[in-house]
Amino acid sequence: MGAALLGALGLATVHLALYRSEPWTPVAAGALALGGFLVVHGALCAMRSEADPLLLPIAAGLSAVSLVMIYRVRPEYLLRQAAWVALGLAALLVVLGTLGDLRWVRRYAYLCAAAGMALLALTVTLGLERNGARQWLPLGPLTLEPGEVVKLLLVAFFAGVLDDTYRLLTLPGPRRWRAELARLGPMLAVCLFALLLLVFQRDLGLALLYYGVFLAMLYVATGRLDYVGVGLAAFAAGAALCYHLFAHVRVRVDVWLDPWADPSGRGYQIVQGLYSLASGGVLGAGLGAGHPELVPAAHTDMIFPTIGEELGAVGTFCTVALYLLFVGRMFRVATRSRGTLEVLVAAGLAASLGLQAFIILGGSTRLIPLTGIPAPFLTYGGSAAMTNFAALGLLLAISSRGPAGGTPPAAAVRHGAAGR
Amino acid sequence: MAPRVANLGRLLAGLLVVLVVYLAGVQVIWGPQLADQAGNPRLALAAERVRWGRILDRRLGVLADSQELGGRQVRRYPFGDLFAHVLGYRSPRYGLAGVEARYDPALLGLPARDPWEALQQAFGGPPRGNDLVLTVDTAVQQAAARALAGRRGAIVVLDPRTGAVLGLVSRPSFDPAAVDARWDAIARDPSSPLLDRATQGQYPPGSSFKPIVLAAALASGRATSDTVLDCPAETTVAGAVIGNFDHERYGRLTLRQAFAVSCNTAFVQLGGMLGADAIVRMARAFGLGRPPQFDLPTAAGFVPAARSLGPRGTAQISFGQGSLLVTPLQMALVAATIANHGVMMRPFLLSQVRGPDGRILSAYAQRGSREVLPAALAAQIAQDMVDVVRSGTGTAAQIPGVPVAGKTGTAQNPHGPTHAWFIAFAPADRPSVAAAVLMENAGAGGAIAAPAARQVIAAALAAQQAEGRP
């Protein structure tokens, strides 16, 4: 409720400040989309009263910030993004209604993996190149960003396979490496395949995200720190290898270490992003009073520094706080859900959305090297909106199946502190 | 499984907390510093929003102002190339120079860091920057430009009592408004119109350096104005033959007479009596070899270390040659110091900053001073400089009814004919104007530079009389 109101107010502010002579239609559409959250929230409360009551409002808050900033930076995109939010909400309801019973995950795990890998392979061969990365598939009048969809498919695949194998991987007694490796084999193969494709198509952020989600789910399922250790070591070795093999990886890292070495060339985007952030100060320049036109990709990869410039540290802190809350609620759903499969899916989704937010927010502010992936619910883009709302639908479905039957895994769940 | 899920949640939450801490650093703690870096394009955009302040001469005549032209702000310079090296230019492509660069924050009305002031600016329409009132006098500047008569060179005119710069001209010049349109032609011109010869042109001083040698001699106690010296047509020091201008010979002269006729051979003899150290120390006391503190960038010139000078080097600096290099501004300061009883006033250009409403925000009558010589010694040198104009090499600088003190210089240089120098001040009994004239490769100081100095000093005195404070 508050989020929708605030968002509508923000849109109105931007409109009055910048586009006074233009028609109000996009603003109305944006407000309508935000109103959609109210409707869906009402429906949820009525029909699935056990569902987590905070996830959707937090997503509404992030979407409100997103629509306001997109209207501010690229007014011509507001209408489209509002439509995507509305469609996303519809997708959420559909997922909630049809995919809530997670048995399909177990049954179609390998199909998910195959579909995901096929999508990635298609992107590499047929994809459109933008900003030096091949990340989009033409789909009629639209373009699909398969990376986002594959993210969900991979979570489903890992969850399905791990649900099947985690018992064997956690047997007490001496380790049987060969058997374990055979069990892990399919996941490792899929991971390796995806990473190779992504590194070649220069989509490093996505590679990092997929690998991080894999390690996170492996840890959740097995608790085997030796896997995590080996995984992290392999990551370090792979990263070092890529740094030496691929010029585009080297450029990313060098620009991160010293963007001022080439501030008008390679370091341009990150330097402009830093100026943008720094110029915002505590309170920001005010909506419409900053200069996001100076920052390349201010409505996608660099939307967060733009928030920093116009809404100041207050704005960035609130945005990160929303993500913190969101991550907390998602993990709470994961710790409280009933079966192993539910726990794995919920934890996988939580890890993927949380890690994704950190990778792009940290990247656009030079905390870590910049690699372009969408910030969940914040960045302009249809594929990301649809996927994230679908993920949200799954999480809501899992949470609405209620805490705690008497099955063994769920007994352990009770002890988990709600993730913060 | 649940505790592990919680652990994972904590890890991700921790990452986001790290992000918040980092953001606090970038936005709040180092934010202002980072945002103020010259590379931040927002600074230039802020400059575009502000209506730049005007630059006025000492009688509040407009030297530079801004006009709206097609939604853009265009800088106008009503006097064209006359004040180019003083005002500089303001170009989106080539940056800022001169007073425009030095006082850019004041012209923009910055800083408005105070939130309340920033709020007022936000609601007060396009903010206007402050006006600058300079010490220069357009009449003096015009006279100086006329006196240079199309030659390469520079003229600096000071009020010796305060250090105020009344005129500062360097030729050839350029139109500051045409910098964007004609940059290549201006920058590639072999006569270097962008170089401010007044503050950054470095030349051998020739005989205009002799007042400093005279000061060293009188201060040392080893000579007085009546000390008798030999003035043959030429003399040989350590194998080098040194001659007088036009091979003049005067036989035996007092120091005062040798100074008036600018006898090189007599000064070589005097230099030998003093030693290099005394001359070099006096030159440094007058600020030579160091860049003067000023509103515009200045060059240091060059004064050799005394240790490095043998008998031949000592002989050469005794009449202002050798490796010595000076700027016209430095020589104007030498004249002004002798005029002002041995006290050097720091030269300055900015006399007032006025708010957009005309309110005076800051005003400067002077910017500091330094004693170079005892007053009695300065008076003695001034008297000898009066003789130069009355009966010596500088008679072309005479102004009817006004006693003028001066010294000619005709500086040999590796670039062709001699540079013509004249340094002077007037009225000699109560000096209110001091000047240095340099004309590159123009010939003899007495014939070429002294008449130019006369025109400029006469114009400056007339301007001061008109202003009501002679």
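The values are calculated or read from the model by the stated rules, or taken from the named source; none is laboratory data. Predicted, not measured: the structure shown is a model, and the values here were computed from it. Counting neighbours? That spans all protein chains shown, and the Cβs are built from the backbone with ideal geometry, glycine included.
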*For A:Leu192: the one exception among (1) surrounded by fewer than 21 Cβ atoms within 10 Å (Cβ to Cβ); (2) under 26 Å from A:Ala239 (Cβ atoms); (3) within 14 Å of chain B (Cβ to nearest Cβ)*: (3)
*asked:* closer than 30 Å to A:Gly348 by Cβ and either more than 7 Å from chain A (Cβ to nearest Cβ) or in contact with a Ser or Thr (Cβ under 8 Å, 6 or more places away or on another chain) (or both): which single residue out of B:Ala47, B:Ala6, B:Ala13 fits that description?
replied: B:Ala6
_Selection status of B:Val456, closer than 29 Å to B:Ser351 by Cα and either assigned to a strand (DSSP E or B) or polar (S, T, N, Q) (or both)_ = no
_Pair list, Cβ under 7 Å, 6 or more apart: region B:167-192 residue under 19 Å from B:Leu438 (Cβ atoms), other residue part of a loop (DSSP other than H, G, I, E, B) and among the basic types (Lys, Arg)_ = B:Arg171/B:Arg151; B:Arg171/B:Arg152; B:Pro172/B:Arg152; B:Ser191/B:Arg152
*Tell me, please, whether a residue that is surrounded by fewer than 16 Cβ atoms within 10 Å (Cβ to Cβ), farther than 24 Å from B:Val389 by Cα and not hydrophobic (A, V, I, L, M, F, W, C) can be found in region B:143-160.*
yes
_Suppose the filter is farther than 26 Å from B:Thr224 by Cα and modelled with pLDDT of 95 or more; does B:Val386 pass it?_
no
_Being in a helix (DSSP H, G or I), in contact with a Leu (Cβ under 8 Å, 6 or more places away or on another chain) and either modelled with pLDDT under 80 or aromatic (Phe, Trp, Tyr) (or both) narrows it down to one residue among A:Ala31, A:Ala12, A:Ala60, A:Ala8; which is it?_
A:Ala8
*asked:* When you scan region B:266-273, do you find a residue that is in a loop (DSSP other than H, G, I, E, B) and either in contact (Cβ under 8 Å) with a residue 24 or more places away in the chain or under 21 Å from the mean Cα position of the chain (by Cα) (or both), even just one?
replied: no
*Of these, A:Ala240, A:Ala216, which one is part of a helix (DSSP H, G or I) and surrounded by fewer than 15 Cβ atoms within 10 Å (Cβ to Cβ)?*
A:Ala240
*Tell me which residues, restricted to region B:355-372, are modelled with pLDDT of 95 or more and in contact with a Ser or Thr (Cβ under 7 Å, 6 or more places away or on another chain).*
B:Val372
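Residues are listed down the side, and each one gets a yes or a no for (1) under 21 Å from the mean Cα position of the chain (by Cα); (2) of a type in the set (Lys, Arg):
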{"site": "B:Gly239", "(1), (2)": "no, no"}
{"site": "B:Arg290", "(1), (2)": "yes, yes"}
{"site": "B:Pro297", "(1), (2)": "yes, no"}
{"site": "B:Pro311", "(1), (2)": "no, no"}
{"site": "B:Val326", "(1), (2)": "yes, no"}
*Among residues of region A:289-307, those that are at the interface with chain B (Cβ under 10 Å from one of its Cβ atoms) and within 16 Å of B:Val26 (Cα to Cα), counted*: 2
_Residues (out of contact with any Gly (no Cβ under 7 Å at 6 or more places or on another chain) and of a type outside the set (Gly, Ala, Ser)) located in region B:318-342_ = B:Phe319, B:Leu324, B:Leu329, B:Met331, B:Val334, B:Thr337, B:Ile338, B:Asn340, B:His341
*Residue list for region A:376-404, restricted to those being part of a loop (DSSP other than H, G, I, E, B), over 21 Å from A:Ile303 (Cβ atoms) and either more than 14 Å from every other protein chain (Cβ to nearest Cβ) or modelled with pLDDT of 55 or more (or both)*: A:Arg401, A:Gly402
*Would a scan of region A:298-312 turn up a residue that is part of a helix (DSSP H, G or I) and of a type in the set (Gly, Ala, Ser)?*
yes
*Taking region B:406-427, which residues are within 20 Å of B:Pro347 (Cα to Cα), touching a residue at least 40 places away in the same chain (Cβ under 8 Å) and of a type in the set (A, V, I, L, M)?*
B:Ile423, B:Ala424
*asked:* Name the single residue that is farthest from B:Arg49 (Cα to Cα) among those in region A:244-267 being touching a Pro at 6+ places or on another chain (Cβ under 7 Å) and either aromatic (Phe, Trp, Tyr) or assigned to a helix (DSSP H, G or I) (or both).
replied: A:Val253
*asked:* Just the residues that are facing chain B (nearest Cβ under 9 Å), touching a Pro at 6+ places or on another chain (Cβ under 9 Å) and within 12 Å of A:Ala357 (Cβ to Cβ), please, taken from region A:309-345.
replied: A:Tyr323
*asked:* Would you confirm, using the coordinates I've provided, whether B:Ile186 is more than 26 Å from B:Leu274 (Cβ to Cβ), crowded, with 20+ Cβ neighbours inside 10 Å and in contact with a strand residue (DSSP E or B) (Cβ under 6 Å, 6 or more places away or on another chain)?
replied: no
*For region B:1-55, which helices (runs of 4 or more DSSP H) that fit wholly inside it have 2 or more residues that are touching a residue at least 40 places away in the same chain (Cβ under 8 Å)?*
B:41-49
_Cβ contacts < 6 Å: first residue under 12 Å from B:Ala411 (Cβ atoms), restricted to region B:309-326; second residue among the hydrophobic types (A, V, I, L, M, F, W, C) and crowded, with 20+ Cβ neighbours inside 10 Å, any location; separation 6+ or different chain. Result?_
B:Phe319/B:Phe267; B:Gly320/B:Phe209; B:Leu324/B:Ile317; B:Val326/B:Leu288
_Residue selected from region A:354-369 under the condition facing chain B (nearest Cβ under 9 Å) and part of a helix (DSSP H, G or I), by the criterion surrounded by the fewest Cβ atoms within 10 Å (Cβ to Cβ)_ = A:Gly362
_Just to be sure I understand, how many residues within region B:343-373 are out of contact with any Gly (no Cβ under 6 Å at 6 or more places or on another chain) and closer than 19 Å to B:Ala405 by Cα?_
2
*Meets criteria (within 12 Å of another protein chain (Cβ to nearest Cβ), surrounded by 15 or more Cβ atoms within 10 Å (Cβ to Cβ) and among the aliphatic types (A, V, I, L, M)) for A:Leu283*: no
